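The values are calculated or read from the model by the stated rules, or taken from the named source; none is laboratory data. Since the structure is predicted, the reported quantities are computational estimates derived from the model, not experimental observations. When we count neighbours, we look across all protein chains shown, and the Cβ atoms used for this are built from the backbone with ideal geometry, even at glycine. Keep in mind that these areas ignore ligands, DNA and RNA; they rest on the heavy atoms of the full protein, side chains included. Shrake-Rupley method; radii C 1.70, N 1.55, O 1.52, S 1.80 Å.
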Amino acid sequence: MARKFLLCFHDFSVWNYTKVTPVLEELKDLVGAPFSVLVIPDTEKALAEAVQGFRETLLRLKSEGFELALHGYKHKAEFSQGRSYMGLIGMNLTNGEAEFAGLSEYESDRLLQAGLAAWNELFGEQAEKPVAFIPPTWYSNNFLCRQVRKRGMLFEDRFSLTTMRGNRYASLVTSFAGIPDFLIKPAFKFGELILKVPFGLPRIALHLVDFPARAGEVRDILRTALGSGRKLVRYADL
């Protein structure tokens, strides 16, 4: 496999799209191409005007070549029915954001269907199947990968990517959200390392909290990625 890397912007939602969209355009100019955007589809409690603006923004980004992937349902769990002990630990570690962590087979499938229904409602008649599904914070369960692939989507976990056809790619991720300041520098060093090694499919996962506080470091690691001989790809390219 030719050397590649993924650039993924997480947590794009009706609540933050006006702030995130300019960042996406700046990053597109920096890397020279559109990339993958992970969409939280739930718009419950949002004003109709905001939902319409969000929908129009998503369609515009798609027309510009950005790849839209499904990122859970609400990115915040509201219950813990059928959740395993390890799933509860994952919930505690992520402040309740790991909504798929440790769920039973039934609850996992129910929540996945809720996410897809919210996606279809958001896009309306122009809805297309998401190319990939990424569980919030990458915490998952024993059933989700199979359930996602069954619905024709790529599945991403913390350490790998599995296509609908069952092809699996080793894939380490560098992310800076939710870690203490004293770990930021080591995190960037780790990101540079995985981009330079001659194997694997590294991912760079960005969040709104990275801007503007870490914008300089983000630009540096993207320049490292582009200068490493790797090609920027999207999920659909795998």
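Just need a number here: residues in the range 195-238 that are of a type in the set (Gly, Ala, Ser), outside any loop (DSSP other than H, G, I, E, B), at pLDDT below 95 and under 22 Å from Asp157 (Cβ atoms). Steps first, please.
Narrowing the range 195-238 to residues of a type in the set (Gly, Ala, Ser): 200, 205, 213, 215-216, 225, 227-229, 236.
Checking which are outside any loop (DSSP other than H, G, I, E, B) leaves us with 205, 215-216, 225, 227, 236.
Those still in the list that are at pLDDT below 95 too: 215-216, 225, 227.
Among the residues that remain, those that are also under 22 Å from Asp157 (Cβ atoms) are: 225.
Number satisfying all stated conditions: 1.
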Out of the residues in the range 193-238 that are among the charged types (D, E, K, R) and open to solvent by 50 Å² or more (accessible area, probe 1.4 Å), which is nearest to the chain's Cα centre (by Cα)?
Arg234
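Matching residues to (1) under 17 Å from the mean Cα position of the chain (by Cα); (2) among the acidic types (Asp, Glu):
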{"position": "Tyr85", "(1), (2)": "no, no"}
{"position": "Asp109", "(1), (2)": "no, yes"}
{"position": "Ala114", "(1), (2)": "no, no"}
{"position": "Glu125", "(1), (2)": "no, yes"}
{"position": "Arg165", "(1), (2)": "no, no"}
{"position": "Ala170", "(1), (2)": "yes, no"}
{"position": "Thr174", "(1), (2)": "yes, no"}
{"position": "Pro180", "(1), (2)": "no, no"}
Qualifying residues in the range 120-165 (those that are of a type in the set (A, V, I, L, M, F, W, C), open to solvent by less than 10 Å² (accessible area, probe 1.4 Å) and in a helix (DSSP H, G or I)) - the one nearest to Val14 (Cα to Cα)
Leu122
Residue that is nearest to Ser84 (Cα to Cα) [pool: residues in the range 100-119 that are free of Cβ contacts under 8 Å to residues at least 12 places away in the same chain and open to solvent by 80 Å² or more (accessible area, probe 1.4 Å)]
Arg110
How many residues of the range 16-59 are within 16 Å of the chain's Cα centre (by Cα) and either over 29 Å from Gly227 (Cα atoms) or among the hydroxyl-bearing types (Ser, Thr, Tyr) (or both)? The answer is 8
Within the range 78-98, is even one residue in contact with a helix residue (DSSP H, G or I) (Cβ under 6 Å, 6 or more places away or on another chain), crowded, with 21+ Cβ neighbours inside 10 Å and modelled with pLDDT of 95 or more?
no
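Could you tell me which residue of the range 45-73 is surrounded by the fewest Cβ atoms within 10 Å (Cβ to Cβ), considering only residues that are free of Cβ contacts under 8 Å to residues at least 12 places away in the same chain and not in a helix (DSSP H, G or I)?
In the first step, residues of the range 45-73 are kept if they are free of Cβ contacts under 8 Å to residues at least 12 places away in the same chain; the result is 45, 47-49, 52, 56, 60, 62-63.
Filter once more, so that each one left must be not in a helix (DSSP H, G or I): 45, 47.
Values: Lys45: 8, Leu47: 10.
Within the range 45-73, the match that is surrounded by the fewest Cβ atoms within 10 Å (Cβ to Cβ) is Lys45.
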Taking only the range 166-182 into account, find how many residues are assigned to a loop (DSSP other than H, G, I, E, B), crowded, with 17+ Cβ neighbours inside 10 Å and of a type outside the set (Phe, Trp, Tyr).
2
Taking the residues in the range 4-33 that are out of contact with any strand residue (DSSP E or B) (no Cβ under 7 Å at 6 or more places or on another chain) and part of a loop (DSSP other than H, G, I, E, B) as candidates, determine which candidate is most open to solvent (accessible area, probe 1.4 Å).
Trp15
